[in-house]
Ligand SMILES: O=C(O)CCC(=O)C(=O)O
Ligand SMILES: [Fe+2]
């Protein structure tokens, strides 16, 4: 009989396993790793101090500056938002592939991390609270996370990142779980009511980060951008989003998992520059197009 590793028992990251305590007790980890894992499991995030030096932060701000488009109010590459600047900027790429982040993610997920998207912001996003799993999902669930890095000091003035401590333990929800289609008025009413209850159930914190500090959030930690109190202030920051190997990756806004219908996401591994294959339990998936960018999946 082959032996069973309890931390690999199920397709669930071990830090989020229902058997976390017993796995944790039996794992050989140094003291610092134990603290990090405990924090990430309990609270759903980890703050990493001094990830970047002040000069490294400035180099990113300088490299991405000319890529913002002041003519475009919002969208992937607009006035204050830059998606995938890693393509042009070696400093953005170096942050997304930072060895310290990658080694923490290997510790938490025990799979090879795949940085697949970078977002640079020059101002606070004021984004309503959300779980990133409503925007980019994967199966097995929860093999995803974000690393948010302050490129300048963040205060109450410039719209800090805000997150709900412990909310990562909520079930994974898609818009379909609010019982409605994406454009439906009822969906918005339900989502707003959900956010109100979220605020009552979970304590929120604001990340008054020091320049160069990083916060890693687990896939289902609800977070958003707080309001900008001082109009016109900058809030230079970079978020890198990560998936992990041996999963399939999809857009939940155009997928219906109970029906086996998915819009797969074409992702490129920032580390290698290569397209990532969709797989499950070690098998590469095949996708059969059923129209409207959706596919059914098989092996
Ligand atoms: O920077 C922010 O205010 C939030 C960004 C965010 O939610 C994300 O990139 O997933
Ligand atoms: Fe987010």
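A short reminder: the numbers here are calculations on the coordinates, not readings from a lab. As the structure is a prediction and not an experimental result, all values here were calculated from the model. Because the Cβ atoms are built from the backbone with ideal geometry, glycine has one as well, and the counts that use them run over all protein chains shown.
Observations, loosely collected:
- Mean projection area, nm², convex hull over Cα of the range 53-173: 8.6
- Stretching the chain fully between residue 107 and residue 245 yields a gain of 48.3 nm (0.36 nm per residue, less the alpha carbon separation).
- If the segment from residue 299 to residue 259 were pulled out straight at 0.36 nm per residue, it would be longer than the present Cα-Cα gap by 12.7 nm.
- FRET efficiency for the residue 274 to residue 201 pair, using the beta carbon distance and R₀ = 45 Å, is estimated at 0.60.
- Gyration tensor verdict on the range 147-299 (Cα atoms; rounded if a/c is under 1.5, prolate if a/b is larger than b/c, oblate otherwise): oblate
- Förster-model FRET efficiency, 30 Å R0, residue 192 and residue 42, C-beta, rounded to 0.05: 0.60
- At R0 = 30 Å, FRET efficiency that the Cβ-Cβ distance of residue 208 and residue 135 yields, to 0.05: 0.75
- Relative contact order for the range 1-99: 13 percent, from Cα pairs under 8 Å spaced at least 6 residues apart, divided by residue count.
- Distance between the 7 Å Cα→Cβ label points at residue 4 and residue 156: 5.3 nm.
- Relative contact order computed over the chain (Cα-Cα under 8 Å; 6+ residues apart), in percent: 24
- Relative to the current alpha-carbon distance between residue 29 and residue 165, full extension at 0.36 nm per residue lengthens the span by 46.5 nm.
- Estimated from helices alone, the mean residue ellipticity of the chain at 222 nm is -6500 deg cm²/dmol (sum of -39500 (n - 2.57) over DSSP H runs with n ≥ 4, per residue).
- Rounded, prolate or oblate (a/c below 1.5 giving rounded, otherwise prolate when a/b exceeds b/c) for the chain by Cα gyration tensor: rounded
- Residue of 183, 192, 42 that the Gaussian network model of the chain assigns the largest fluctuation, springs spanning Cα pairs under 10 Å: 183
- When the chain is treated as a GNM with alpha-carbon contacts under 10 Å, the residue of 185, 110, 62 showing the greatest mean-square fluctuation is 185.
- Of 46, 29, 198, the one that fluctuates the most in a GNM where the chain has Cα springs shorter than 10 Å: 29
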